[in-house]
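Here it is, the structure, as structure tokens.
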Amino acid sequence: METNIFDPHHLNQIYAHYEEYGSAIRCCYEPELRNIILKPRLFKQAFRLDSVKSDEIMMNLFNVMRHQMAFADNRLFRIYLDGNLSAEADDWIRHTEPHRSERFESWLQRSMGYRHFGIIVNHAEKWSDTLACFTAEFVEPIRESLDKNHTNVEISFFIGNYGHTPFGIHLDDPYSSVIHLHLGATKTMYLWNDEIFKQCDGFHHRFDVDNIKMFADIRDSEQKCLA
């Protein structure tokens with residue numbers, strides 16, 4: 001899995017997007033006093049589909065985590081079933097063996113009893129050399145722009161058929177910058193301006209998106225795109 005799975009034109013746009021803000025962020029960035037927000041960008045049809053081996057990579061990732069679960073002190077991922085956090089479902093993942101040649105999506109659905117589920121994996125780079133190497137190569141120009149000595153990178157996965165994000169509308173850490181690599185069915189992302197979000201009492205409606213989505217900046221992504 002190499003960076004050549006992306007259209008070079010899109011990669012250059014991403015790197016230019018970060019370079020635009022790099023000098024400002026490198027100079028004493030203090031978001032609690034003076035927040036610098038990158039304007040969201042959406043790049044459609046960014047993947048070279050014949051190069052994407054996401055099924056194999058994700059199955060290998062989960063097989064490694066499944067075997068590590070017996071030795072880990074902390075949970076390696078969070079699973080939401082029908083919108084509720086479920087510790088029991090961790091064991092379903094651990095003890096459901098994939099069938100020979102079974103697709104990743106099919107195995108997950110079978111593991112979750114064909115219910116609505118959402119799985120959040122943080123720090124996936126710990127369990128996959130392939131993902132770690134790919135990400136290191138992909139983000140190196142971005143780290144150069146943001147000062148690589150003060151930049152950490154984390155891979156997180158949002159997986160499932162859950163509809164809205166299972167833990168509701170949320171604010172990312174002000175010190176973080178998020179790149180969404182979307183590979184799957186069509187997804188809609190709602191972004192709110194801080195002041196507008198406060199005025200429409202967004203946190204009160206964090207699990208009731210329909211009441212406030214008319215105030216959001218909507219970004220639709222087509223299948224196999226980069227956001």
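P(r) of the stretch 164-211 in 5 Å steps, Cα pairs, percent per bin?
Spelled out bin by bin, the stretch 164-211 gives 5, 15, 26, 26, 19, 8, 2 percent.
Next question. Tell me the volume per residue, in Å³, of the convex hull enclosing the alpha carbons of the stretch 30-159.
Hull volume over Cα atoms, normalised by residue count, gives 178 Å³.
Hey, another quick one. Give the lysines reachable from LYS187 as a straight Cα distance under 17 Å; neighbours fewer than 8 places away on the same chain don't count.
Result set, ordered by chain and number: LYS44, LYS213, LYS224.
Hey, can you rank 55-67, 103-115 by average C-beta count inside 10 Å, highest first? All intermediate terms of the calculation are to be shown ahead of the outcome.
On the way: 55-67: 17.5, 103-115: 15.8.
Going from most to least packed, we get 55-67, 103-115.
Please report the net charge: other residues with Cβ closer than 14 Å to the Cβ of GLY113, K and R +1, D and E -1.
Taking every other residue near GLY113 into account, the sum is -2.
Ratio to report: Rg/Rh of the chain, with Cα atoms as the point set and Rh obtained by the Kirkwood method; give two decimals.
Expressed as Rg/Rh, it is 0.96.
Are there DSSP H segments in the chain that both extend 15 Å or more along their axis (alpha-carbon positions) and score a mean Kyte-Doolittle hydropathy of at least -0.5? List them, or say none.
54-68, 129-146
Ok, one more. Per-residue counts of other Cβ atoms within 10 Å, averaged by peptide: what ranking do you get for 198-209, 126-137, highest first?
On the way: 198-209: 13.9, 126-137: 15.9.
Ranking the peptides 198-209, 126-137 by packing returns 126-137, 198-209.
Taking only Cα atoms of the stretch 92-206, what ratio of Rg to Rh do you get with Rh as the Kirkwood inverse-distance radius?
On the way: Rg = 17.5 Å, Rh = 17.2 Å.
Over the Cα atoms of the stretch 92-206, Rg/Rh equals 1.02.
Read-outs throughout are calculated quantities, based only on the coordinates presented, and are distinct from any laboratory measurement. Computed from a predicted structure; not experimentally measured. Please note: Cβ atoms are built from the backbone with ideal geometry, for glycine as well, and neighbour counts cover all protein chains shown.
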